[in-house]
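Everything below concerns the one structure shown next.
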Amino acid sequence: CYTGTISEGDILWGIRRLNINSTDLKEMENVSIMAIPRRATYKPVHADADMEDLLDRAINQNYVPVVDDQGYFIGIITRKEIIKIGRASCRERV
């Protein structure tokens, strides 16, 4: 089941917070992803969510995680994609 997402910013801040000064990738592989704190909680939408639900989440989130009917993570929709869809929809109306 979906428990949350971790962003690249979370990872970078986590490396800094954990004082990982190594540039050796092998050493970094020993750091558990669970040791990296999430700085934001990205609430998901269901796969059948409408545009209004996506927009509500995208206002405060860079991306929106998507879950299926059983609560399993199936992907993300970026804010950029939501804006592109909205723009295309507006153009169709004109």
Quiz item: Of the residues in the stretch 77-88, how many are closer than 15 Å to D53 by Cβ and part of a helix (DSSP H, G or I)?
Solution: 5
Quiz prompt | First in the stretch 44-71 and of a type in the set (D, E), second anywhere and outside any strand (DSSP E or B), Cβ under 7 Å, 6 or more apart | solution = D68/A47
Exercise. Find the helices (runs of 4 or more DSSP H) located wholly in the stretch 1-76 whose residues include 3 or more that are of a type outside the set (A, V, I, L, M) and open to solvent by 40 Å² or more (accessible area, probe 1.4 Å), and list them.
Key: 8-17, 51-58
Practice problem: Hey, can you tell me all the residues within the stretch 80-89 that are open to solvent by 80 Å² or more (accessible area, probe 1.4 Å) and either under 12 Å from the mean Cα position of the chain (by Cα) or farther than 18 Å from T5 by Cβ (or both)? | Solution: I83, K84, I85, R87
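The values are calculated or read from the model by the stated rules, or taken from the named source; none is laboratory data. Given the structure is predicted, the values throughout are model-derived calculations rather than measurements. FYI the Cβ positions are ideal-geometry reconstructions off the backbone, even for glycines, and counts take in every protein chain you see. What goes into the accessible areas is simple: the full protein's heavy atoms, side chains included, and nothing from ligands, DNA or RNA. Shrake-Rupley method; radii C 1.70, N 1.55, O 1.52, S 1.80 Å.
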